[in-house]
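Participant: First the structure, then my questions, so here it is.
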Amino acid sequence: MDRFTGRLLLPWLRFTVRPQDVSGQLKDAGSRICYVMGRDSSLDGMLLQRACARVGLPRPGKRLLPPDVPQRQRSLLALSRKVGFWNRRLDRRTPPGLRDLLAELRRDPAFDVMLVPVAVYWGRAPQREQVSWFRLLLSEDWALASGFRRALAVLFNGRNTVVEFGAPVSMRSLLADGGAANPARRVIRSMTAQLAASRAAYVGPDLSHRRTLLTEVLRARQVRNMVRQEAREKNLPLRQVMQQAREMFEEIAADYSHNLVRFSERFLRRLWNRIYDGLEVAHSETLTAIAAGNELVYVPCHRSTMDDLLVPYAVYTRGFAVPHIAAGINLNLPIVGPILRKGGAFFLRRSFRGSPLYTAVFMNYLGAIMARGHPIQYFVEGGRSRSGRSLSPKTGMLSMTLRSYIRQPVRPVMFVPVYLGYERIMEVDSYMGELSGKPKEKESLWGFLRSLKRLRENFGHVHVNIGEPIALVPLLDEHQPQWREKLGQDGRGATVSAAVDVLAQRIMRNINAAAAVTPVNLLALVLLATQRQVMLEADLRRQLAACLTLLREAPYSDRVTLPREDAAGIIEAGFKAQILHRPDADTIGLAPRHAAAMPYYRNNILHVFALPSLLACCFLSSPRLSLADLQRLAWRIYPYICSELFLRWDESELEAVVMQNLRALRAAGLLSSTADEGQWSAAPAASAEAVQLSVLARPTLQTIERYYLAIALLLRAGSGALTQSELEKRCQQMAQRMITLHGFFSPEFFDRTLFEGFLTLLRRRGVIRADGEGRLVFDDVLARIADDAELVLSEQLRHSILQVVHG
């Protein structure tokens, strides 16, 4: 019946083969290939036949044994098959074909076969545009489907199917170190593990036993010890404390539902089409390379409340399992909380302090879902960025992830940085209010309902860019080769702390290295660098063209995505988004309605232009500089900008990167050089190119002004006069005064955390120190840094800063 149905439906079927270069991956496997499937299905076998024909692989009906040896099964094995007529059941006995292959391996030492696991997923093809509710119900999951349900799944999802080829394994090498006992069982276990890993990567882990997860967590040694300690310290019955632990588990744990995720995908697709002009996902092939067999931890930047939905949606529609999302307990609202929990969210309190039992339950829950292969997602920045810059990472979840892996290292962990880029975000007005001093509005059901009215607006394009993955094991090997001695232990101590700090910085750098540069970003970058956010249209077009040249000639990273438009197209996109207006026929400026929010979008890409902007700053006071002076100035300032913006280059790479950016500036027509590139010159002061160079310099110039302000305040107070906290407060006050006097709007200019980061880095580099009373002391090194800053800042800027300081 299955074969008859298959032949009837075969012309109807449409499928995708994964991976795309499977023929290249199997070209070295030779002609003796045996395909291994998890279940015996004539329809799956027919689909495999067509897939092999499409990609040029040997077909599964080929004979594998020599002609003189009888063979009961061709080059396709099924690990299980249904038997019985009235009472259908699974038969998991060794397939006869496998016994034949094993017998030939024993008989002929030169004989070998490459085993290739193959899985067919009905209703799981990525990026399908239109999927009905009924088809979603019949798409692939872990449940054993009845014959009728499977027939419906083939009928309704036959044009939405994936044929997944696994990595080939030599049967002889698989059995080489396993001895002679039960070779068939060894082969079956290996193939079953590969097929299960593939299914977990694309469908998600089996979630049919949530109660067993609860039992596993509550029976963990750390939880039992903490229950006994809590009962002893608070003089409570063990049963009562165990009930508290159970309630904590229920407060934390996700209650994932495949059906809700399928319905949510359809709902969110319609929502994105309504509020966005397009959702673009870049570098998703990275996930294909690492999904199977690894524990994926998605670590996106945090820009908007939509981040919680966009990343899982992008991952799921590309054919991968939905991650479990770490959500703050403040989002566990009535109605909303249970839906998020069904979608894979697990909740955590803002602070674990004072509750060791809660910490033990959470840590063991996290370790259990990692061991089972559930992908995880959390935001390393903690909260959403109000300024558009990347925030300093919070290492709490990273530390718990590392400790959970060291305690229970079942699957290799891969951290996947994700950059989220918006042309407009819903919360930008509230962000501007908070930066201006308004209190943050607390999450509530009423606030959530009020925010729904904004879904009638259009927010342009949104970008989800996958960054370079970070493997945990090599990082641990690099920073503490003895970490394996702690396997099965708690994982606490300096070893994990050191690795966590390095990992946090690497994640932030890899997020920024996958930035999406949009027309809105570029317009904000250019127009905010002018006095009144207005330019002649011809000048704006030239400046945008120069920026595009820099992006192409000296790319920040191969994962940065660029706008498809040219300079004229970017201006047209700005008018379409209503962020531009024309004060008169020849000029273009930022629309007053959106001008206050533009620093947010400029800050999204500050790091991309940081180095060319820094080099442009060097020519504001000196129109001609030697290469040695440029390298020295860049080397002096770069560490502080690198720390603030999470730039991707080490100081050892700086010399080559400076040279690359100088050549890009020359290609854009903003600089010239001698033939040996030993001397570099800016255009004459009155030229259009000189104006372009000053506009490019402006974003980094504000950062250097902030540094010079902090140094000037410290030099004026004198060594040993101020604590770091006192200096940070004065810096913030003086920065606010500068904004008032000079009239530019940049709320992050007086952000105290930026001053704190700069002063902390000065201390870490030994430029300033704290004495026994916590007061900052320094020597001539600080004055030399101030002298270098004076080479970059114009005399007028230096005087305006010193006027504020002395005033």
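The values are calculated or read from the model by the stated rules, or taken from the named source; none is laboratory data. Keep in mind it's a predicted model, so treat the numbers as computed, not measured. Note: ideal-geometry Cβ built from the backbone for every residue, glycine included; neighbour counts use all protein chains shown. For the accessible areas, the whole protein counts, side chains as well, though only heavy atoms, and no ligand, DNA or RNA atoms are used. Shrake-Rupley method; radii C 1.70, N 1.55, O 1.52, S 1.80 Å.
Participant: Does at least one position in the range 617-631 carry a residue that is within 21 Å of SER385 (Cβ to Cβ), buried (at least 16 other Cβ atoms within 10 Å of the Cβ), touching a Leu at 6+ places or on another chain (Cβ under 9 Å) and not charged (D, E, K, R)?
Facilitator: no
Participant: Restricting to the range 643-656, count the residues that are open to solvent by 10 Å² or more (accessible area, probe 1.4 Å), part of a helix (DSSP H, G or I) and in contact (Cβ under 8 Å) with a residue 12 or more places away in the chain.
Facilitator: 5
Participant: Let me ask something else about it. Kindly indicate the residue of the range 31-56 that is touching a Ser or Thr at 6+ places or on another chain (Cβ under 6 Å) and not in a helix (DSSP H, G or I) and also most open to solvent (accessible area, probe 1.4 Å) among those meeting that condition.
Facilitator: Looking at the filtered set, the residue picked out is ARG39.
Participant: Of all residues in the range 649-702, count the ones that are among the hydrophobic types (A, V, I, L, M, F, W, C), out of contact with any strand residue (DSSP E or B) (no Cβ under 8 Å at 6 or more places or on another chain) and within 25 Å of LEU527 (Cβ to Cβ).
Facilitator: If we filter the range 649-702 for residues that are among the hydrophobic types (A, V, I, L, M, F, W, C), which is where we start, we get 649, 654, 656-659, 662, 664-665, 667-668, 670-671, 675, 680, 682-683, 685-686, 688, 690-691, 693, 695-697, 701.
Adding the requirement that they be out of contact with any strand residue (DSSP E or B) (no Cβ under 8 Å at 6 or more places or on another chain) leaves 649, 654, 656-659, 664, 667-668, 675, 685-686, 688, 691, 695-697, 701.
After this cut, where a residue has to be within 25 Å of LEU527 (Cβ to Cβ) as well, the list is 664, 667-668, 685-686, 688, 691, 695-697, 701.
Summing the residues that are among the hydrophobic types (A, V, I, L, M, F, W, C), out of contact with any strand residue (DSSP E or B) (no Cβ under 8 Å at 6 or more places or on another chain) and within 25 Å of LEU527 (Cβ to Cβ) in the range 649-702 gives 11.
Participant: Going by what's in this entry, would PHE745 be described as open to solvent by less than 10 Å² (accessible area, probe 1.4 Å) and either at pLDDT below 75 or closer than 19 Å to LEU391 by Cα (or both)?
Facilitator: No.
For (1) surrounded by fewer than 22 Cβ atoms within 10 Å (Cβ to Cβ); (2) more than 14 Å from the chain's Cα centre (by Cα), each residue gets a yes or a no:
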| residue | (1), (2) |
| --- | --- |
| TYR298 | no, no |
| HIS302 | yes, no |
| THR305 | yes, yes |
| ASP308 | yes, no |
| ALA314 | no, no |
| GLY328 | yes, yes |
| LEU333 | yes, yes |
| PRO338 | yes, yes |
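Participant: Now a separate question. In the range 284-308, what residues are part of a helix (DSSP H, G or I) and modelled with pLDDT under 90?
Facilitator: THR288, ALA289, ASP308 - these are the residues of the range 284-308 that are part of a helix (DSSP H, G or I) and modelled with pLDDT under 90.
Participant: Hey, could you check the range 351-378 for residues that are in contact with a helix residue (DSSP H, G or I) (Cβ under 7 Å, 6 or more places away or on another chain) and part of a loop (DSSP other than H, G, I, E, B) and say which is most open to solvent (accessible area, probe 1.4 Å)?
Facilitator: The residue in question is PHE352.
Participant: Looking at LEU65 and the list (1) modelled with pLDDT of 75 or more; (2) assigned to a loop (DSSP other than H, G, I, E, B); (3) over 25 Å from ALA196 (Cβ atoms); (4) out of contact with any Asp or Glu (no Cβ under 6 Å at 6 or more places or on another chain), which single condition is not satisfied?
Facilitator: In the conditions (1) modelled with pLDDT of 75 or more; (2) assigned to a loop (DSSP other than H, G, I, E, B); (3) over 25 Å from ALA196 (Cβ atoms); (4) out of contact with any Asp or Glu (no Cβ under 6 Å at 6 or more places or on another chain), LEU65 misses (4) alone.
Participant: Here's a follow-up. Could you run through the range 382-395 and say how many residues are modelled with pLDDT under 90, open to solvent by 20 Å² or more (accessible area, probe 1.4 Å) and small (Gly, Ala, Ser)?
Facilitator: Final tally of qualifying residues: 2.
Participant: Counting only residues that are open to solvent by 20 Å² or more (accessible area, probe 1.4 Å) and of a type outside the set (S, T, N, Q), which one in the range 719-735 is nearest to the chain's Cα centre (by Cα)?
Facilitator: LYS729
Participant: What is the one condition in (1) over 30 Å from LEU782 (Cα atoms); (2) part of a strand (DSSP E or B) that PRO599 does not satisfy?
Facilitator: It is condition (2) that PRO599 fails.
Participant: I need the full set of residues from the range 658-674 which are over 35 Å from the mean Cα position of the chain (by Cα), among the hydrophobic types (A, V, I, L, M, F, W, C) and open to solvent by 40 Å² or more (accessible area, probe 1.4 Å), in order please.
Facilitator: Selection gives nothing.
Participant: Here's a follow-up. Please count how many residues of the range 255-301 are closer than 20 Å to VAL418 by Cβ and in contact with a strand residue (DSSP E or B) (Cβ under 8 Å, 6 or more places away or on another chain).
Facilitator: Result for the range 255-301: 21.
Participant: Pick from VAL502, VAL526: which is outside any strand (DSSP E or B) and either closer than 19 Å to ALA668 by Cα or open to solvent by less than 10 Å² (accessible area, probe 1.4 Å) (or both)?
Facilitator: VAL526
Participant: For the range 675-711, name all the residues that are open to solvent by 30 Å² or more (accessible area, probe 1.4 Å), in contact (Cβ under 8 Å) with a residue 12 or more places away in the chain and among the hydrophobic types (A, V, I, L, M, F, W, C).
Facilitator: If the condition is that a residue be open to solvent by 30 Å² or more (accessible area, probe 1.4 Å), in contact (Cβ under 8 Å) with a residue 12 or more places away in the chain and among the hydrophobic types (A, V, I, L, M, F, W, C), then ALA685, ALA688, VAL691 are the ones that fit.
Participant: Could you identify the single residue in LEU550, LEU544 that is surrounded by 18 or more Cβ atoms within 10 Å (Cβ to Cβ), in contact with a Pro (Cβ under 6 Å, 6 or more places away or on another chain), closer than 28 Å to ARG648 by Cα and of a type in the set (A, V, I, L, M, F, W, C)?
Facilitator: LEU550
Participant: Modelled with pLDDT of 85 or more and either open to solvent by 30 Å² or more (accessible area, probe 1.4 Å) or in a helix (DSSP H, G or I) (or both): is that true of ARG186 in this structure?
Facilitator: Yes: the conditions hold for ARG186.
Participant: Would you mention how many residues in the range 113-136 are touching a strand residue (DSSP E or B) at 6+ places or on another chain (Cβ under 6 Å) and modelled with pLDDT of 50 or more?
Facilitator: Looking only at that region, the number is 11.
Participant: If you check every pair at least six apart or on different chains, which have Cβ atoms under 8 Å apart with a residue in the range 592-616 that is of a type in the set (D, E, K, R) first and a residue that is outside any helix (DSSP H, G or I) and buried (at least 23 other Cβ atoms within 10 Å of the Cβ) second?
Facilitator: Filtered contacts from the range 592-616: ARG602/GLY388.
Participant: Right, here's the next one. Please go through the range 657-680 and pick out each residue that is in contact with a Phe, Trp or Tyr (Cβ under 7 Å, 6 or more places away or on another chain) and part of a helix (DSSP H, G or I).
Facilitator: VAL657, LEU662
Participant: Among residues belonging to the range 252-272 that are assigned to a loop (DSSP other than H, G, I, E, B) and among the hydroxyl-bearing types (Ser, Thr, Tyr), point out the one that is surrounded by the most Cβ atoms within 10 Å (Cβ to Cβ).
Facilitator: Of the range 252-272, the ones assigned to a loop (DSSP other than H, G, I, E, B) are 253-257.
Retained after the next criterion (residues that are among the hydroxyl-bearing types (Ser, Thr, Tyr)): 256-257.
Working: TYR256: 22, SER257: 16.
Residue satisfying both the conditions and the ranking: TYR256.
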